[in-house]
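Report on the structure given below.
Computed from the coordinates by the stated procedures, all read-outs in this text should not be read as laboratory data. Owing to the predicted nature of the structure, the values given are computational and were not obtained by experimental measurement. A quick note on method: Cβ atoms are made from the backbone with ideal geometry, for glycine too, and the neighbour counts reach across all protein chains shown.
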Amino acid sequence: MAGASGKFITFEGGEGSGKSTQARRLAARLQKAGIPTVLTREPGGSPFAERVRSLLLDPATPAHGALSEALLFSAARADHLDVAIRPALSAGAWVICDRFMDSTRVYQGYAADVSADVLDALERAVIGATRPDLTLLIDMDVKAGLARAAARRAAGTEKREHPDRFEGRELSFHETLRRGFLDLAKKDPRRCVVIDGSGSEDAVAERVYAAAERALGIA
Ligand code: T5A
């Protein structure tokens, strides 16, 4: 389990599902409730991991296999855990992370060809006991999610420096991602809660908060 007193919450989901928005909103609401909260993301979250993020998401990065990719995401994660996540949890903060280990399982495992054995070994070595207390999977229709991401691009409010290499993939790839996330959630129902990502940001935020309250007992 996570650190002595802090709670570790991860958000997962497909492209444009709204998980970054919801991670931000939950962090703000917890802060307001007086809970010290750290909002972070993967890939990234530490100076080294942010450098790895740029390499991973830059369309100009030369083609490389899913194993190389899984190792790079894991290298970034190892540093992120050491530099940011574990110290925050030890200090009693709640850590909210936009994507974490399930994204590697789904993108490099389900949707690519890295075996479960390799991913198990990476999780053991990199994550060890620092597993999330709660994972909120924001699930929604793939086309609707991609339309949200496209609308954001059209509006010029893209959060990233450049469109990433995963978003432009074919619809069947994104359907595979969705199935992968749902499958993981089904296999680990104590940790994972599936949240319906459709509807307004406010409506989804209420579902997210209610799930966090139920799972972690926010005072
Ligand atoms: N990856 C990551 C791996 O392959 N392996 C790994 O191990 C890890 C950790 C990261 C990429 O790396 C891959 C997965 C990803 O492809 P990223 O730049 O961090 O890339 O992008 P994503 O995590 O995919 O995040 P996105 O920003 O694309 O999507 P989100 O977080 O789902 O969406 P969000 O919240 O930014 O919202 C998208 C748009 O929709 C609007 C927002 O305002 C925004 O414009 N929106 C809504 N609109 C209407 N109704 C709602 N309810 C809305 N909620 C949000």
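Largest mean-square fluctuation among T61, T130, T176, in a Gaussian network model of the chain whose springs join Cα atoms under 10 Å apart, belongs to T61. Placing +1 on the Cβ of every Lys and Arg and -1 on the Cβ of every Asp and Glu, with nothing else charged, gives segment 17-61 a dipole about its Cα centre of roughly 300 debye.
Label separation (D196 vs L216): 2.4 nm, computed from points 7 Å beyond Cα along the C-beta direction. Between G92, G18, G34, the residue with the greatest mean-square fluctuation in the GNM of the chain (Cα pairs under 10 Å linked by springs) is G34. Taking G156, G128, G180 in turn, the Gaussian network model of the chain (Cα-Cα springs below 10 Å) assigns the largest fluctuation to G156. A straight chain from S115 to A28 at 0.36 nm per residue would run longer than the Cα-Cα distance by 27.6 nm. Taking the Cα centre of segment 8-216 as reference, the dipole from Cβ charges on Lys and Arg (+1) and Asp and Glu (-1) amounts to some 460 debye.
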